[in-house]
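Below is one structure, written out as structure tokens; comments come after it.
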Amino acid sequence: MIRTLVRTFLLMLALTGAAAAQSARPALRGSVTVDSDLVRIGDLVENAGAVANIPIFRAPDLGTTGAVSTDRIVEAISAHQLIDIDTRGLADVVVTRASRAIKPQQISASIAQALSRRYGLGAPQNLSLNFDLPVHTLQVEPSATGDLQVLSLAYDPRSSRFDVTLDLPSSTVLHRQLVRFAGLAIETVEAVTAAHPIERGDVLQASDLTIVRRPKSQAGGLVDMNGAIGLATRHQLRPGQPIAAADLMKPQIVQRNDTVTLIYEAPGLTLTLRGQAQDAGALGDAISVLNPQTKRVVHGVVSGPDQVSVSNTMVHLVENVPQPADAPAAMVPARQE
């Protein structure tokens with residue numbers, strides 16, 4: 001019995017040692033991320049032991065990824081007496097260089113802030129920057145902190161051109177090779193524009209309008225949709241076309257040649273008569289109306305849809321109209337006191 005227990009114990013020790021030896025065997029990693037410009041044995045191989053910190057390859061550029069074939073790795077490591085590496089059937093190992101990405105939006109914001117502060121070009125968010133060359137993401141060391149700094153800045157208000165050099169002191173890469181940008185800086189303002197083709201006379205709704213930013217030098221139109229909603233267009237509007245107050249008018253509620261009701265009101269008296277509008281008009285507009293019976297034209301003010309209120313001259317007009325025997329109530333005083 002004792003012998004059996006001893007044999008079992010010894011067998012367990014042997015199996016444990018074998019498992020430990022197997023787990024401690026150097027093995028390739030499928031993918032790695034490195035922080036420096038060198039790739040070390042320990043980055044690529046688990047359980048690399050004493051040779052883990054020995055560099056064997058250059059790392060990819062900041063923020064990029066590359067692949068190293070398994071054969072190249074094994075060959076490079078063999079010179080350092082690390083053998084019996086478990087390749088895990090990998091054809092290559094993917095290596096990524098860690099970085100901090102400074103995106104084009106951040107670059108533009110830094111330049112706009114500098115232009116606004118030094119040259120008084122309005123709020124930074126109101127500046128439109130058009131670069132001479134495409135602006136790409138800057139990749140710096142992941143340990144680099146802080147914001148971009150402006151080393152030099154020039155701006156010509158006549159041409160709107162700028163030239164700027166940026167630096168990030170905490171970045172060795174960027175500090176060693178400064179970046180320079182040039183282009184146009186345009187101060188912009190909000191403008192109300194047509195969202196789609198709009199016909200003459202259409203009454204504007206919120207869905208017909210949109211807000212865009214346009215150069216301040218082209219300012220002069222409406223900047224608030226509320227100033228346009230409910231008004232009609234004097235002429236056709238194109239999509240994106242800025243809308244000025246002169247482009248709009250009150251909606252016309254009387255059209256030329258429409259049959260309208262002429263109304264005269266005085267204390268204790270209301271007279272009505274049918275006539276033909278000689279002009280189109282919005283609420284409150286003065287228009288001419290033809291009395292088809294007398295062929296005389298009177299002037300009044302549009303007071304409602306197909307309705308025109310007239311002055312005292314209407315009394316004489318009504319008095320001169322022949323009254324047929326079966327005249328409708330609308331042709332005679334509607335109320336007398």
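Only one entry of Gly227, Gly284 meets the criterion of being out of contact with any Asp or Glu (no Cβ under 7 Å at 6 or more places or on another chain) and either in contact (Cβ under 8 Å) with a residue 60 or more places away in the chain or over 21 Å from Ala206 (Cα atoms) (or both), and that entry is Gly284.
Of all residues in region 94-113, those that are in contact (Cβ under 8 Å) with a residue 40 or more places away in the chain, surrounded by fewer than 17 Cβ atoms within 10 Å (Cβ to Cβ) and not β-branched (Val, Ile, Thr) total 2.
Restricting attention to region 233-262, the residues being buried (at least 17 other Cβ atoms within 10 Å of the Cβ) and assigned to a strand (DSSP E or B) number 10. Among the criteria (1) part of a strand (DSSP E or B); (2) under 12 Å from Ile107 (Cβ atoms); (3) over 27 Å from the mean Cα position of the chain (by Cα); (4) not basic (Lys, Arg), the one Leu129 does not fulfil is (3).
Condition check ((1) under 16 Å from Gly42 (Cβ atoms); (2) in contact with a Lys or Arg (Cβ under 9 Å, 6 or more places away or on another chain)) across all residues:
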residue: Asp61; (1), (2): no, yes
residue: Thr65; (1), (2): no, yes
residue: Val68; (1), (2): yes, no
residue: Ile85; (1), (2): yes, yes
residue: Asp92; (1), (2): no, yes
residue: Lys103; (1), (2): no, no
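Could you say whether any residue in region 110-121 is closer than 30 Å to Glu75 by Cβ and within 28 Å of the chain's Cα centre (by Cα)? No, region 110-121 contains no residue that is closer than 30 Å to Glu75 by Cβ and within 28 Å of the chain's Cα centre (by Cα).
Throughout, read-outs are computed from the coordinates displayed, never taken from laboratory work. What you see is a predicted model; the values in this text were computed from it and never measured. Reconstructed Cβ throughout: ideal geometry from the backbone, glycine too, with neighbour counts over all protein chains shown.
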